Amino acid sequence: MTEFNDVELITISLPSPDRSTSRPPDRARRGESLSVITLDALNRVPVDEFTATLGAIFEHSPWVPRRAAAARPFASRLDLLDAMRAVVEAAPVEEQLGLIRAHPQLGARGRKRAELTEASSREQRRAGLDACTDAQFSELLRLNELHVQTRAFRTRGSFVEGFRYVWRRPDLRTILIMLFLIGTFGLNFQIFISTMSVKVFHAGASQYGLLTSVMAIGTIAGALLAAGREKPRFGLLLFGTAIFGLGCALAAVAPNAWLFGMALVIIGVSALTFTNSTNSLMQLSTEPAMRGRVMAILLALALGGTPLGAPVVGWVADTFGPRWALAVGAASGFVAAWVGIRYLKKHRQMRVRIAGGRLQFSFGQGMAAADLQSVVEAETK
């Protein structure tokens, strides 16, 4: 891009052909020795030579002049420039991002500064970037790293592409199915606690409030346990769903309010473990460019599932009794656990065996452990 600023009307500046003999390549790139070629000659040279001649103009992205060559002959330098700009505008988003990222970073030093063109060096000097202190330079490097991270662009069909991405990923698809099951039929605590308090234990609002607070103890304990974990594991997600089902089953058969409250503590710990692991695994195992869309789908299921399942669970509580409503919640946990186990067996070749009186799990693809190991590795990009 920058070299065009110094080009004659009907000539194109380019590095001298003898730069590979006595002149270092970096000096040639800075434009210390230049040759010229007429526009008429550019219109007649082969595509490869046309590309090599103009390949450095748009941040050393030769694909720009190669595609622009199809628009020859050019009547003027401005026609040539417009053709190359049109190529960039029509390029896919990934290539446009690559072109932007090819621009020199702000505050370059050392070897990177030696690689700058003369025009880029002038730009940085005018901005005062060559006079940065060490602290300022470190901050520039940090901001540069944030700037070049992969970003998603909103385009037509990007929402549908998010669903396609999830469907192509068996791990993400499994997690979302598990979330839908528990979020729709299991996370209906207002129905569970209120109906059990009124219809089974024949108490009033005071006991409902007390039992809700008791469950909050389990939720807080689950949050503290989650804060102490180094990273989320799929095995922990599977464990949380199974314990959630067990907790709901114990609550369904609890003979009194005290044992029911103890079961609620188990439900609180397991529900927080499941939701926290779901959120963390989805974020860490998703490509940065797709993360926003995937998390939007997760939130849609998490927030939209309960309103769908609550009428069903409420109908079960009114028709068959509150204990059966809790049985529906328990079933959602056990079915979600079965979905997770099925994923591990099909895609991770999980094998279960008893050795030395202990239940052991082994995985294919080089994965083996005495307990359930993480099957979704966190991506650091």
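The values are calculated or read from the model by the stated rules, or taken from the named source; none is laboratory data. Because the structure is predicted, anything quoted here is derived from the model rather than measured. When we count neighbours, we look across all protein chains shown, and the Cβ atoms used for this are built from the backbone with ideal geometry, even at glycine.
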Of the residues in the range 278-305, those that are surrounded by 19 or more Cβ atoms within 10 Å (Cβ to Cβ) and closer than 17 Å to PHE189 by Cβ come to ALA302, GLY305
If you go through the range 195-206 one residue at a time, do you hit one that is among the basic types (Lys, Arg) and either at pLDDT below 75 or assigned to a loop (DSSP other than H, G, I, E, B) (or both)?
no
So which of ALA310, ALA331, ALA337, ALA355 ends up being at pLDDT 95 or above and on the phi < 0 side of the Ramachandran plot?
ALA331
Determine whether PHE163 is under 25 Å from the mean Cα position of the chain (by Cα) and outside the structural domain of THR319 (by TED's automatic domain parsing).
yes
Suppose the filter is more than 18 Å from MET196 (Cβ to Cβ) and part of a helix (DSSP H, G or I); does ARG323 pass it?
no
Residue that is surrounded by the fewest Cβ atoms within 10 Å (Cβ to Cβ), among those in the range 240-254 that are in a helix (DSSP H, G or I) and touching a Lys or Arg at 6+ places or on another chain (Cβ under 9 Å)
ALA252
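In this structure, does LEU81 turn out to be touching a residue at least 12 places away in the same chain (Cβ under 8 Å), more than 34 Å from the chain's Cα centre (by Cα) and assigned to a helix (DSSP H, G or I)? Please lay out each step first, then the result.
Values: touching a residue at least 12 places away in the same chain (Cβ under 8 Å): yes; more than 34 Å from the chain's Cα centre (by Cα): yes; assigned to a helix (DSSP H, G or I): yes.
So LEU81 fits the description; yes.
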Among the residues of the range 255-277, write down those that are surrounded by fewer than 23 Cβ atoms within 10 Å (Cβ to Cβ) and either more than 21 Å from VAL200 (Cβ to Cβ) or not aliphatic (A, V, I, L, M) (or both).
PRO255, ASN256, TRP258, GLY261, LEU272, THR275, ASN276
In the range 213-225, is there at least one residue being crowded, with 19+ Cβ neighbours inside 10 Å, assigned by TED's automatic domain parsing to the domain that holds ALA325 and farther than 21 Å from ILE191 by Cα?
yes
Got a sec? Which of GLU49, GLU59 is in a helix (DSSP H, G or I), among the acidic types (Asp, Glu) and surrounded by 14 or more Cβ atoms within 10 Å (Cβ to Cβ)?
GLU49
Just to check your reading of the model, which residue among THR184, THR133 is modelled with pLDDT of 70 or more, hydroxyl-bearing (Ser, Thr, Tyr) and exposed (fewer than 15 other Cβ atoms within 10 Å of the Cβ)?
THR133
Any chance the range 144-167 includes a residue that's out of contact with any helix residue (DSSP H, G or I) (no Cβ under 8 Å at 6 or more places or on another chain), at pLDDT 80 or above and in a helix (DSSP H, G or I)?
yes
Being part of a loop (DSSP other than H, G, I, E, B) and under 10 Å from ILE175 (Cβ atoms) is the filter here, so list the residues in the range 270-287 that pass it.
SER285
Long-range neighbours under 8 Å by Cβ, at least six apart or interchain, first residue without any contact (Cβ under 8 Å) to a residue 40 or more places away in the chain within the range 45-69, second in a helix (DSSP H, G or I) and surrounded by fewer than 17 Cβ atoms within 10 Å (Cβ to Cβ)
PRO62/ALA52; TRP63/GLU95; ARG66/VAL47; ALA68/ALA86; ALA69/VAL47
Tell me the residue from LEU187, LEU211, LEU225, LEU176 that is assigned to a helix (DSSP H, G or I), touching a Gly at 6+ places or on another chain (Cβ under 9 Å) and touching a residue at least 40 places away in the same chain (Cβ under 8 Å), please.
LEU211
